[in-house]
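Only one structure is covered here, and it is reproduced in the block below.
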Amino acid sequence: QVQLVESGGGLVQPGGSLRLSCAASGSGFSANGAAWYRQAPEKPREFVAGITSGNTANYADSVKGRFTISRDNTKNTVYLQMSSLKPEDTAVYYCLIVAGGTGYWGQGTQVTVSS
């Protein structure tokens, strides 16, 4: 069983930046894939960014060039650095860790981009 704790959400003005963190419990984190998803009100959850155990990253077109996913295996943590934020980035952001073929979700953290 993997437990995840997310942090770093909040209110930010358009053009601003935030960094989300997702800390995982347990061992073997370095072998796990990880991703960030988001869900805006009345919309389905959508993929934002993913990173493999080998540190290969991929992004949704809507965030390419603005968001960066990274991981620190010494801290069992995956990050999402968000820059040039737009109002349409407003959503609850969830991290996903895939361990042993099972996906584990974080509790979500709210990101609101508004002036």
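Worth pointing out:
- Modelled label reach - Ser84, point 7 Å along Cα→Cβ, the stretch 17-37 residues with backbone N closer than 19 Å: 17-20
- Cβ crowding within 10 Å averaged over residues, with 54-63, 102-111 ranked highest first: 102-111, 54-63
- Max mean-square fluctuation residue, GNM over the chain, Cα-Cα springs under 10 Å, options Thr52, Thr74, Thr90: Thr74
- For the stretch 109-114, putting each phi into the Karplus relation 6.51 cos²θ - 1.76 cosθ + 1.60 with θ = phi - 60° gives couplings of 9, 7, 10, 10, 10, 7 Hz, in residue order, rounded to whole numbers and with x for Gly and Pro.
- DSSP-loop trypsin sites (Lys or Arg not before Pro) across the stretch 13-88, with at most 11 other Cβ within 10 angstrom: Lys64
Each reported figure results from applying straightforward, stated rules to the coordinates on display, with no laboratory input. All values derive from a computational prediction rather than experimental measurement. Quick reminder, even Gly has a Cβ in these numbers, built from the backbone with ideal geometry, and neighbours come from all protein chains shown.
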